Amino acid sequence: MAGARERKRAERRKRKRRTEEASASVEGNGASREPAAQPQAEESFQERMSRRYEERNAEARAKLEPLEAGERPAAVTVGAIISALLAVIFTVSAILAVAGVDASGRDIKPAPIIVFALVFVAMTFGMWRSRYWAVLGFQTLLLLTLVASALGLVQVETIPEAVATLALLLGSGLLFYFMIRAMARIQMPEPPGAD
């Protein structure tokens, strides 16, 4: 508490001294009446950190290479394959639900399953064509999978459940990580001379 008060007092003294110096220089140059140049303010911690992060971001952007025509990052290809598998699973499930196949006595409504199937089909085509929106949507699903599998680790009862849940957590985490760089490359402008 006392340290904060002392800092505020020191800052006030600095401002007062700067103001007095600025007014003295204006009075000394009475004929010119030009406004005194503002002294260079010291950079705050936030400003320094913001500048450093922007410099790091610029370095990272400089290292990235834009995608060539028809190029697709490996992580996006893996995501597209996984999305295609999920699209097939949801499509088959929707067909079975519409056909009225018994699901352990539960009444399954096909509409939500059809919606999920359509979303995965659209995401598959979008990722196959390296579209940013599709990769972003798939990363959202990966993030939900990460959260669900992390919470699922709390409830496991057997070792195979724990191994499967941990594998799902690690696999989706790795794919999420590699897709970040792929998304940055997809978002970059096209190389010069590209149509």
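The values are calculated or read from the model by the stated rules, or taken from the named source; none is laboratory data. Treat the numbers as computed from the prediction; the structure is a model and nothing was measured. Because the Cβ atoms are built from the backbone with ideal geometry, glycine has one as well, and the counts that use them run over all protein chains shown.
Quick notes on this one:
- Looking at Val115, Val101, Val147, just one residue is farther than 25 Å from Gly70 by Cβ, at pLDDT below 90 and surrounded by fewer than 18 Cβ atoms within 10 Å (Cβ to Cβ), and that residue is Val101.
- Any chance Val78 is surrounded by 10 or more Cβ atoms within 10 Å (Cβ to Cβ), under 30 Å from Thr124 (Cα atoms) and in contact (Cβ under 8 Å) with a residue 60 or more places away in the chain: yes
Okay, residues lined up against (1) modelled with pLDDT under 90; (2) within 20 Å of Thr145 (Cα to Cα):
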| position | (1), (2) |
| --- | --- |
| Pro160 | no, yes |
| Leu166 | no, yes |
| Gly173 | no, yes |
| Phe176 | no, yes |
| Ile180 | yes, yes |
| Met188 | yes, no |
| Pro192 | yes, no |
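- Among the residues making up the stretch 81-98, those that are at pLDDT 90 or above and crowded, with 17+ Cβ neighbours inside 10 Å are Ile82, Ser83, Ala84, Leu86, Ala87, Phe90, Thr91.
- Of all residues in the stretch 110-159 being assigned to a helix (DSSP H, G or I) and hydroxyl-bearing (Ser, Thr, Tyr), the one that is nearest to Pro73 (Cα to Cα): Tyr132
- Some residue of the stretch 41-50 being touching a helix residue (DSSP H, G or I) at 6+ places or on another chain (Cβ under 8 Å) and of a type outside the set (Lys, Arg): yes
- Some residue of the stretch 123-130 being among the basic types (Lys, Arg), under 24 Å from Met179 (Cβ atoms) and surrounded by 15 or more Cβ atoms within 10 Å (Cβ to Cβ): no
- Annotation note: Cβ proximity below 9 Å between a residue of the stretch 129-143 that is modelled with pLDDT under 90 and a residue that is charged (D, E, K, R) (sequence gap 6+ or interchain) occurs for Arg129/Arg72; Ser130/Glu71; Ser130/Arg72; Ser130/Arg185.
- The stretch 92-109, subset among the hydrophobic types (A, V, I, L, M, F, W, C) and either in a loop (DSSP other than H, G, I, E, B) or without any contact (Cβ under 8 Å) to a residue 12 or more places away in the chain (or both), residue nearest to Thr140 (Cα to Cα): Val92
- Residues that are closer than 20 Å to Trp133 by Cβ, hydrophobic (A, V, I, L, M, F, W, C) and surrounded by 10 or more Cβ atoms within 10 Å (Cβ to Cβ), drawn from the stretch 58-73: Leu64, Leu67
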